[in-house]
Amino acid sequence: MNIAFFTDAYYPRINGVAVSVRSYATKLAEMGHSVCIVCCNYDDEEDKKDKKKKRSFLEDDKLHPNLKIYRISSINVFVSKEDKSAKLSAWHDVKHTMDAFKPDIVHINSEFMVGYFGLIYSRHRNIASVYTFHTLWEDYVDGYIKFMPVYPAKKIAKEFIKFYLKRANILIAPTVNIANVIKSYGIERDAKILPTGIPQALDVKKLNVRPLFFNQLHTLLPRVQKKHVLLYVGRVVKEKNLDFLFPVLAEVKTTFKDTVLVFVGGGPELDNLKEKAKKTGYARDIVFAGYRSREELAYFYSVTDVFVFPSKTETQGLVTLEAMMAGVPVVAIGERGTLDVMKGDNGGFMVKEDVNEFSQRVLDLLKDKELYAEKSQEAKKWASQWSLDTLTEKLVTYYEEALAIRKKR
């Protein structure tokens, strides 16, 4: 099949949608399908150079020869410094480029201009369409659209989503929780449940990509050497509830003084979080490691004792699964995607938003070596359900179903 992924967020922009698209697109390419990712262009200089010419070409992606990238000329958006929006004027170029690619399936992964192009193109050319509802925008709009009261902003966000839910041939929800939201929007059709697949965990003993980083890890971050490490990985944004971890660290340190809290990732809230860390009295025990590649991240997991995840708005919680695959037990607040991923105390402990309960579960793991070993093995086994190989095969069956639906119509 020729498969076109339409997404408003893609690398170098890093979030759950970008990770999902790259993971599935790469695996589909490895399976022999021709894949094109249509996304925003994040290079402002390149956009200036191309202002007077069409960008009707596909870039080869280094991940696989069957994978192409088509970056649409884009502009900055005032609601987010990290994001871009495709230019409306690029529509004819998108249509021309897709006509050359000849997609059998259009897979829409976002709701803004690129996603809109994907839906309109599929309808113009009578091509089967699949839509994945990745982000529950109702939970995020108050952080982005600050000039509008919350209720109408949530209403607009809901209508954006419903526009795609009503028109795509197949609907995909990453979790049961999101599938239930779709029902609550008045959509009669059932959504297919398909979480983002997780590649097999990287074994640091076999890695030779960045041995220098591994050798210098404690040199670069001397505060983690011979310490109990609590690790958070992900975007540093307000809705992740990250300052909740500061009193957790304080509580854990009353029993284990040699404990450090490490944040891996970047985002618009990073400077604010650093300022809050300075006011805790434990600034020397809070480490900000910045963004790291997947290979480097494997090394962080190898020195981590407990993965801590305080987010209450997560759609899936992919990083919790990555930590589990590496054998790191998780302590997380049991809301949204975490509920669907952990389904209780699988691979660690799922707790309420309560500092004492959260801290106690971390301490339980640090105190009891037998419990820790049990939860470590449980984590690996539990996370294996999210194998990228298995879930991509399931995605292909959804594409085939979408093709059959379109053929009937």
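The values are calculated or read from the model by the stated rules, or taken from the named source; none is laboratory data. In this text, all values refer to a predicted model and were calculated from it rather than measured experimentally. Here Cβ is always computed from backbone atoms with ideal geometry, including for glycine, and neighbour counts include all displayed protein chains. The accessibility values were calculated without ligands, DNA or RNA, using every heavy atom of the protein model including side chains. Shrake-Rupley method; radii C 1.70, N 1.55, O 1.52, S 1.80 Å.
Condition first: within 20 Å of the chain's Cα centre (by Cα), within 25 Å of ALA157 (Cα to Cα) and modelled with pLDDT under 95. Can you find one or more residues in region 85-98 that meet it?
Residues of region 85-98 that are within 20 Å of the chain's Cα centre (by Cα), as a first pass: 85.
Now narrow it down to the ones that are within 25 Å of ALA157 (Cα to Cα): 85.
Applying the additional criterion that residues be modelled with pLDDT under 95 yields 85.
Scanning region 85-98 turns up at least one residue that is within 20 Å of the chain's Cα centre (by Cα), within 25 Å of ALA157 (Cα to Cα) and modelled with pLDDT under 95.
Condition check ((1) in a strand (DSSP E or B); (2) open to solvent by less than 50 Å² (accessible area, probe 1.4 Å); (3) modelled with pLDDT of 90 or more; (4) in contact with a Leu (Cβ under 7 Å, 6 or more places away or on another chain)) across all residues:
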| residue | (1), (2), (3), (4) |
| --- | --- |
| PHE5 | yes, yes, yes, no |
| LYS27 | no, yes, yes, yes |
| ARG71 | yes, yes, yes, no |
| GLU82 | yes, no, no, no |
| PRO103 | no, yes, yes, no |
| HIS107 | yes, yes, yes, no |
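Residues that are aliphatic (A, V, I, L, M) and farther than 22 Å from TRP382 by Cα: find the strands (runs of 3 or more DSSP E) completely inside region 251-336 holding 3 or more of those.
259-264, 286-290
Identify, please: which residue in region 373-394 is in a helix (DSSP H, G or I) and of a type in the set (Ser, Thr, Tyr) and is, among those, nearest to ALA191 (Cα to Cα)? Spell out how you get there, then give the answer.
Of all residues in region 373-394, those in a helix (DSSP H, G or I) come to 373-386, 388-394.
If we keep only those that are of a type in the set (Ser, Thr, Tyr) as well, we get 376, 384, 390, 392.
Working: SER376: 33, SER384: 23, THR390: 19, THR392: 17 Å.
Across region 373-394, the extreme among qualifying residues is THR392.
State all residues of region 111-128 that are surrounded by 24 or more Cβ atoms within 10 Å (Cβ to Cβ) and either modelled with pLDDT under 95 or not in a helix (DSSP H, G or I) (or both); if no residue qualifies, say none.
Of everything in region 111-128, just one residue is surrounded by 24 or more Cβ atoms within 10 Å (Cβ to Cβ) and either modelled with pLDDT under 95 or not in a helix (DSSP H, G or I) (or both), namely ALA128.
Is there a residue in region 368-385 that is touching a Lys or Arg at 6+ places or on another chain (Cβ under 9 Å), aromatic (Phe, Trp, Tyr) and open to solvent by 30 Å² or more (accessible area, probe 1.4 Å)?
Within region 368-385, one or more residues are touching a Lys or Arg at 6+ places or on another chain (Cβ under 9 Å), aromatic (Phe, Trp, Tyr) and open to solvent by 30 Å² or more (accessible area, probe 1.4 Å).
Out of all the residues in region 315-334, which are touching a residue at least 40 places away in the same chain (Cβ under 8 Å) and in contact with a Gly (Cβ under 8 Å, 6 or more places away or on another chain)?
The first filter runs over region 315-334 and keeps only residues touching a residue at least 40 places away in the same chain (Cβ under 8 Å), leaving 315-316, 318-319, 321-330, 333.
Correct list: THR315, GLN316, LEU318, VAL319, MET324, PRO329, VAL330.
Which numbered condition trips up THR254, out of (1) within 23 Å of GLY317 (Cβ to Cβ); (2) modelled with pLDDT of 95 or more?
(1)
Confirm whether LEU270 is under 25 Å from the mean Cα position of the chain (by Cα) and surrounded by 22 or more Cβ atoms within 10 Å (Cβ to Cβ). It would help to see each step written out before you state the result.
Working: under 25 Å from the mean Cα position of the chain (by Cα): yes; surrounded by 22 or more Cβ atoms within 10 Å (Cβ to Cβ): no.
No; evaluated as a whole, the condition is false for this residue.
Where the second residue is of a type in the set (Lys, Arg) and surrounded by fewer than 19 Cβ atoms within 10 Å (Cβ to Cβ) and the first is over 13 Å from TYR232 (Cα atoms) and modelled with pLDDT of 85 or more and lies in region 285-304, which pairs have Cβ atoms under 8 Å and are six or more apart or on separate chains?
ASP285/ARG223; ASP285/LYS253
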